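A quick write-up on the structure given underneath.
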Amino acid sequence: MPRLPLVLVTIGIASSAADVLAKDCTQIGGATPQPDVIADANLTSYTGTIPAVTSIDGALTVLADNNGDGQLAICVEPGTYPGGFVIEHGAEQVWLYSSQGPQVTFIRGTRRGRVPGHGIEIIANSVDPGTPPAGARDDADVLIKGFDVAGYASVAPNANVSGAHGACLAAFDTALSLRKMVFSSCRSGGRGGAVHVADRDLRIRNSAFEENRADTGAAVDSRGPATIVRRTLFADNIAAGEGGAVYANGDVLYLGHVTAINNAADSSGGAVYAAGQSSVELAEGNYVKNTATGFNGGALWLDPPPSAVVWLEGTVLEGNDAGNDGGALYFAPTLTTNYTVHLEEVELRSNGAANYGGTLFGRNLDLSLQGATVAGNTAHHHAGLYLMNSALTIAESTFEGNSAAVYTAALHVGSASGPVSITNSSFRGNQSASGPTGLIGVLGDHDVSFERVEIVENLTACWRLIAIDTPFLSISNALIAENSVDGRVLSFQFLSGTETLQAEYLTLAWNTVHNSNAWSQPLFAAASNGFITRSVLAFNGPNALQGAVGGASVTDTVVHQVGGGHVSGNQVSVAETNPVFGADPANPADTSLNEIPPWMYPASVDYDYGPGIGSPMIDPSVPANCHGSTEIGAFGGPNGCW
């Protein structure tokens, strides 16, 4: 077939072709250009002034700018049409669209395929592509809208043969826009089961890709500078290699209001595999039950260059699985500079990894979580976040019900490359079965801070619940209570003689510590300096002292051992000053604690003991309704208290 420039052509099937044409293709308005050529597969008579043909292929042979608007367009009426045609474009913008959408307008193959075997092939001719005409709504060379395309297969003995790429649609040296499209049962022996775009930008909107197959990018394989997808569904696509739904390699990736469900990659990137982008944004999406069978990134595998910026906003990642690392998210490491990743209002639920990082695996990241939910994730090692050579900021986030067979249930930062900060966040009901650290672990030569943090009802058979192996730890307005651990609840140490601990308004109480040896203490801080003030270290047991805090001073603090009186000093090994005591309702005969302000014993709250009204352990900035509660100075939770 000769490769000619394309102009708007109308094609349709109806009992009265003239009526359909007059009603639909000749009444196109808005941003869609008026037809230059009309075609109708069942055309028997037509009296209009616009040229009319009976097929898409035939329309291409007569296409010209008949109305002089500087755009070339084909409008297709409802019906089923054969593919196997080529659109060649030059300086003019080309449109191929249906009048009534993909529900009634089909391009169908035989499923047997051939090489090149494309349902639609798009190429640029020798004319240098120009800019879109004035008033054009999309910066693309070719726009295709409103078709259901299915049943094409392209195979080749070598997957690098271009003819094997993009079974249903392949575009070369073409900026392509797809709108209101459906692609299904497209099979490629190379890249892009449904769509392959090389060299130029790809834009997709309001479309669906279902049950497509390819080596990489089972639905879409995009190798141009920008890949932009909006309001699109990817379901039940399978890649033999990377990218169960999408494979993107370029400078910009944007996925907005995308739903990816039940996609799979035999290698990595169960839904999306993206490499090389300096800008990545995923907004308001749903990535559910995707699988990276062989390797990493059950939902997303991302490999940006150094200094890239990645945003995930308002996105749900749920029920995704990886055969190795990163049940939901896998961030590949750079060799030099960290790149920045923001997760805002993201839900990470019930994801799993066979190895590391049930939720997220990353190296060389500056990672921030704002308003995130990390819940019900599992992994053999580290069920929540697993980070190496990274910095981390967490705010207004929840870690709940995560479970690891080995090591941390919530988060691990190894060889931290920057500060780790956690504020206004909750860790509740997480579990770890074995390993040295069960909930939170941070290692590296950087500062760590906890502020207004709740760590409650976590269970681990590990030696430590929280391990901070850094030179500086600040913890304030924090509640660490009703956890169960074999050894230490909070362990803080780095290089002996160099640590600084600063703790204020800390409640570390009512935790169960199972071992009774010298290494098993609710609080162990090998600090050479620092302080603990206006805090509670009490009622942890049954077999443990309250802790050892090295050279840190202890003032205005309750220190109390389960089953006995007040224990002086910091083994619990430096004597405290200005102690604050209270009565022990569990042991009324113990009068050594009857000092003002007293302890409270309200039966209606979770924790049996708390500071009395006016206690110096209550942060004056805490809302008044929290005073006299068991919650000390932490914010959040019911009524503004933890």
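The values are calculated or read from the model by the stated rules, or taken from the named source; none is laboratory data. Please read all numbers here as calculations on a predicted model, not as lab measurements. Backbone-built Cβ (ideal geometry, glycine too); neighbour counts: all protein chains shown. Accessible surface areas use protein heavy atoms only, side chains included; no ligands, DNA or RNA. Shrake-Rupley method; radii C 1.70, N 1.55, O 1.52, S 1.80 Å.
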Residue list for the range 433-465, restricted to those being open to solvent by less than 10 Å² (accessible area, probe 1.4 Å) and either closer than 16 Å to GLY401 by Cα or over 26 Å from the mean Cα position of the chain (by Cα) (or both): GLY438, LEU439, ILE440, ILE455, VAL456, ASN458, THR460, CYS462, LEU465
Failed item, numbered, when LEU317 is tested on (1) open to solvent by 30 Å² or more (accessible area, probe 1.4 Å); (2) modelled with pLDDT of 95 or more; (3) not in a loop (DSSP other than H, G, I, E, B): (1)
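Residue-by-condition table, conditions (1) at pLDDT below 95; (2) within 12 Å of the chain's Cα centre (by Cα); (3) buried (at least 18 other Cβ atoms within 10 Å of the Cβ):
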residue	(1), (2), (3)
LEU329	no, yes, yes
THR337	yes, no, no
LEU343	no, yes, yes
LEU348	no, yes, yes
GLY357	no, no, yes
PHE361	no, yes, yes
Residues of the range 373-396 satisfying the condition of being under 18 Å from TRP311 (Cβ atoms) and surrounded by fewer than 24 Cβ atoms within 10 Å (Cβ to Cβ): THR373, ALA391, THR393, ALA395, GLU396
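One line per residue, one yes/no per condition, for (1) within 21 Å of PHE147 (Cα to Cα); (2) in contact with a helix residue (DSSP H, G or I) (Cβ under 8 Å, 6 or more places away or on another chain); (3) part of a loop (DSSP other than H, G, I, E, B):
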residue	(1), (2), (3)
ILE228	yes, no, no
GLY244	no, no, yes
LEU255	no, no, no
ALA260	yes, no, no
ASN296	no, no, yes
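Can you confirm whether the range 229-247 contains a residue that is of a type in the set (Val, Ile, Thr), within 26 Å of GLY298 (Cβ to Cβ) and open to solvent by 30 Å² or more (accessible area, probe 1.4 Å)? Outline the logic, then answer.
Here is the first cut: in the range 229-247, the residues of a type in the set (Val, Ile, Thr) are 229, 232, 238, 246.
Checking the rest, the ones that are also within 26 Å of GLY298 (Cβ to Cβ) come to 229, 232, 238, 246.
The next check asks that each one be open to solvent by 30 Å² or more (accessible area, probe 1.4 Å); those that pass are 238.
Among the residues of the range 229-247, at least one is of a type in the set (Val, Ile, Thr), within 26 Å of GLY298 (Cβ to Cβ) and open to solvent by 30 Å² or more (accessible area, probe 1.4 Å), which makes the answer yes.
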Index of the failed condition, SER474 passing every other in (1) at pLDDT below 95; (2) over 25 Å from the mean Cα position of the chain (by Cα): (1)
Residue under evaluation THR291, criteria (1) within 15 Å of HIS412 (Cα to Cα); (2) open to solvent by 30 Å² or more (accessible area, probe 1.4 Å), criterion not met: (1)
Residues (of a type outside the set (S, T, N, Q), assigned to a strand (DSSP E or B) and open to solvent by less than 20 Å² (accessible area, probe 1.4 Å)) located in the range 169-203: LEU169, ALA170, ALA171, LEU176, LEU178, PHE183, VAL195, HIS196, VAL197, ALA198, LEU202
Number of the exception - SER279 against (1) under 18 Å from ARG230 (Cα atoms); (2) under 14 Å from the mean Cα position of the chain (by Cα); (3) surrounded by fewer than 20 Cβ atoms within 10 Å (Cβ to Cβ): (2)
Residues (surrounded by 24 or more Cβ atoms within 10 Å (Cβ to Cβ) and part of a strand (DSSP E or B)) located in the range 262-276: ALA265, VAL272, TYR273, ALA274
Of the criteria (1) under 28 Å from the mean Cα position of the chain (by Cα); (2) open to solvent by 40 Å² or more (accessible area, probe 1.4 Å); (3) under 30 Å from ASN338 (Cβ atoms), which one PHE494 fails: (1)
Residues of the range 204-219 satisfying the condition of being closer than 14 Å to GLY241 by Cβ, of a type in the set (A, V, I, L, M, F, W, C) and part of a strand (DSSP E or B): ALA214
Of all residues making up the range 85-97, the number that are open to solvent by 10 Å² or more (accessible area, probe 1.4 Å) and farther than 16 Å from PHE172 by Cβ: 2
